[in-house]
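In what follows, a structure is listed as structure tokens, so that the remarks can point back to it.
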Amino acid sequence: IGVRLVGSEMCIRDRFYSDLNVAFGAEYRSETFTVTAGDQASFEIGPYATQGFSSASNGFPGFSNLAAGSFERSNVAAYVDFEADVTERLLMGLASRFEDFADFGTTINSKLSGRFEVTDDFALRGAWSTGFRAPTPGQSNAFNVSTQFEGGMLVNNGTIPSTNPVAASRGGKALDPEQSTNYTLGAVFNVGPIDFTVDFFKIDLDDRLTLSQNNSLSQEEIDGLIASGVTSAANLRNFRFFTNGYDTVTEGVDIVATYSTEIGNGNTDFVLSFNHTETEVVSVDTFINEDGEREPLLGAERILEQERGLPETRWNFSATHTVSDWRFLGRLSHYSGIYDTGDNFFVGDNMILDAEVAYNFSDNYSVTLGAQNITDEYPDVNPFAAAGAGNAYGQASPAGFGGGFYYLRFRYEL
């Protein structure tokens, strides 16, 4: 439920250059995460388990009665938002939101933003804000086992609630919301016929939610899990759990340049966008293991995934030409290399070329012929394919691993 008011009715025009826009509202939300128990044969220990055969069904054992259940969470929220031209050239905004969760308590987050027109062709803009993300009921109550490749072998790995005693022995505890502080500073300006936007940003993110590293199970812990109803633990090698185990700092810059001109009898729009983003894991929570030594909740592979799992540099150049009922699009994209956590190796840069031609028969009908990755580029060859799942290429590359994709699309609109 939201309401927006115009401040001229509040007789405050003398205080600001423009009317004061006021928005406020309230929200109630209820979330439910439900797990239904599977067939008993899908999770129980079978008669051949003593001979070394897998207990429960292979691949993904069914959910037992222990994991089954319905987990509900409700929350209420209220917000207020103010915005006005303080002077002829200065626009300011202030917003705040209060939220109360049944399981996490309350949080208040705010945003302060501004835009100052230095000249008619140059403006500065910036914002400061705080935010949060509460763990879902599913993350708090996840309880499953899946079969995965490790060193060329099929291994059963489990995800258990962070409050389970076995997880608690490895540093697990009740989950908290993520907390963020965001800063942006940018400019909007023209250089001749070209429009530019440049924005720098920084995000401090504390208590980030992620899965812990895989922890090996002792026989005593396996026996304890079986006794508590996790029958598939009989051949469970590792387990992990959701945790607020680390803090990060993300910094970067976004640059966008646009230029429009008439070519022939049509109009052509050129867009060049560039992004560079770096994420650093600045702290990792630890726990004291059974040997009395302090051990991090996240392993080196998980940290690499957070810091290098996405391209640090991306740019995109596109040209769209429209003439009469025809539209022509060309787009060249570049992605810097990433760390492929699924196959544990670094994938190099990718350059992708897309093209599209469209014709409008009328306002209601159109046909489009296009190609994504028209040059049929592939990511780096996976050097560990033979020892793993056998995939020839990295699975996490932004370019995908299917080569070119070509399509013919018809559109009809009422």
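Structural remarks
- For GluC sites (Glu not before Pro), the sites in the stretch 56-121 that DSSP calls loop and that have at most 12 other Cβ atoms within 10 Å are Glu88.
- ³J(HN,Hα), Karplus 6.51/-1.76/1.60, whole Hz, each residue of the stretch 273-279, x for Gly, Pro: 10, 9, 9, 10, 9, 10, 10
- For the chain, the Cα gyration tensor yields ellipsoid semi-axes of 46, 33, 22 Å (square root of five times each eigenvalue, largest first, whole Å).
- Anisotropy class of the stretch 277-323 from Cα gyration tensor, a/c 1.5 cut: prolate
- Calculated log₁₀ intensity ratio I(q)/I(0) where the Debye formula runs over C-alpha points of the stretch 331-414, q = 0.27 Å⁻¹: -1.20
- Of the Cα atoms belonging to the stretch 59-177, the radius of gyration and Dmax stand at 23.4, 68 Å.
- Working from Cα pairs under 8 Å separated by at least six residues, relative contact order for the chain is 9 percent.
- When the alpha-carbon atoms of the stretch 187-298 are used, the pair Rg, Dmax equals 25.8, 78 angstrom.
- Mean Cβ count within 10 Å, highest first, over the residues of peptides 136-143, 22-29: 136-143, 22-29
- When all protein chains stay in place and ligands, DNA and RNA are ignored, the 1.4 Å accessible-area order of Thr163, Thr119, largest first, is Thr163, Thr119.
The values are calculated or read from the model by the stated rules, or taken from the named source; none is laboratory data. Note that this is a predicted model, so its numbers are computed, not measured. Note that we place each Cβ from the backbone using ideal geometry, even for glycine, and neighbour counts take in every protein chain shown. Just the protein is used for accessible areas: all its heavy atoms, side chains included, with ligands, DNA and RNA removed. Shrake-Rupley method; radii C 1.70, N 1.55, O 1.52, S 1.80 Å.
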